[in-house]
Amino acid sequence: MNVIIFAGPTLSASEGARVLDATFLPPAAQGDLYRAALGKPVAIGLIDGYFERVPSVSHKEILWAMKQGVHVLGAASMGALRAAELSAFGMEGVGEVFKAFASGTLEDDDEVAVVHAAAEDGYRPFSEAMVNIRATLQAAQAAGVLGEGTRSTLESFAKSLFHADRSWPALFQRARETGLDSAELDPLRHFVTKHRVDQKRSDALELLHTLRARLKAGLHAKETRYAFSHTDAWEHVRQKGK
């Protein structure tokens, strides 16, 4: 069965292909998901997508794809955002990042945003996602490396950084500049080196495993109950996808 996955930098195509037999495409921009749905795949997995300077995947193209019988699942990054926004219409979210947005625990798009290299460099990330920083700090606290107060302070420092500037070195520098106790920072630095949590990658892999299990069990065409309206905005998206 034909399955399409939009991924990178969260998960490379080569790594994803070891889990699921699918067509792996670059991060999705506006119109890409519509174009993919024209080929009538049984499912589309949205992990990564562009934002800011490139128009993002629109809600309408996801709704249109599902109306054509295509299952659309989202996780980790742009996929988690769109799944949380469209779960009432049948888009399926997977993973902890999706759950946090769906519950309202997280609300800001910058929680998953990273800057990354171009395709020829494998979409290598240049910054760290806030959701990964949160997960790592929480893991460090659970392991006894950090106290709750220090964890909370470091989360606030990280959140205050512009998403393109977020990195562990930048966070440690900010902590030193504010006089945070080095007795906790040094063990944390070692913890990050050995036990950094990549929540986005974990969620992306969960999406692939979920799809593999669903396909094995037998995946019929997606059924929807909403009416799809052909608006001017939709025509704009459709033209971009041609």
| query | Per residue, how many Å² of accessible area does the chain show with a 1.4 Å probe? | reply | 47 Å²
| field | Listed residue pairs exceeding 26 Å between alpha carbons, taken from 40/242; 67/200; 194/216; 222/242; 200/242 | value | 67/200; 194/216; 200/242
| request: Decide, for segment 151-205, between rounded, prolate and oblate: order the square roots of the alpha carbon gyration tensor eigenvalues as a ≥ b ≥ c, take rounded if a/c falls under 1.5, and otherwise choose prolate if a/b is larger than b/c, else oblate. | output: oblate
| Order by protection proxy (mean Cβ within 10 Å, highest first), peptides 149-156, 65-72 | 65-72, 149-156
| request: On the protein heavy atoms, probe 1.4 angstrom, tell me the percent of accessible surface of the chain carried by carbon and sulfur. | output: 50 percent
| How many angstrom lie between the C-alpha centres of segment 88-152 and segment 7-42? | 21 Å
| query | Which order do peptides 97-103, 204-210, 157-163 fall in by mean Cβ count within 10 Å, highest first? | reply | 204-210, 97-103, 157-163
| message | Starting from 0.36 nm per residue, how many nanometres of slack lie between residue 225 and residue 176 once their C-alpha separation is accounted for? | response | 12.2 nm
| query | How long are the semi-axes of the ellipsoid equivalent to segment 104-221, from square roots of 5 times the Cα gyration tensor eigenvalues, in whole Å, largest first? | reply | 31, 17, 13
| field | Counted charge near residue 164, where neighbours are those whose Cβ lies closer than 10 Å (Asp, Glu -1; Lys, Arg +1) | value | -2
| said: In whole Hz and in residue order, list the ³J(HN,Hα) couplings for segment 33-45 that follow from phi through the Karplus curve 6.51 cos²θ - 1.76 cosθ + 1.60, θ = phi - 60°; x for Gly and Pro. | reply: 5, 4, 4, 5, 5, 4, x, 6, x, 6, 7, 10, x
| remark: Distance in nm between residue 235 and residue 38 label points, each 7 Å along Cα→Cβ, equals 1.8 nm
| request: Treat each spin label as a single point 7 Å out from the Cα along the C-beta direction, and report the residue 120 to residue 54 distance in nm. | output: 1.6 nm
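The values are calculated or read from the model by the stated rules, or taken from the named source; none is laboratory data. Only a predicted model underlies this, so the values are computations on that prediction, with no experimental measurement involved. For neighbour counting, all protein chains shown are included, and Cβ atoms are generated from backbone atoms with ideal geometry for every residue, glycine included. Side chains included, ligands, DNA and RNA excluded: accessible areas come from the protein's heavy atoms. Shrake-Rupley method; radii C 1.70, N 1.55, O 1.52, S 1.80 Å.
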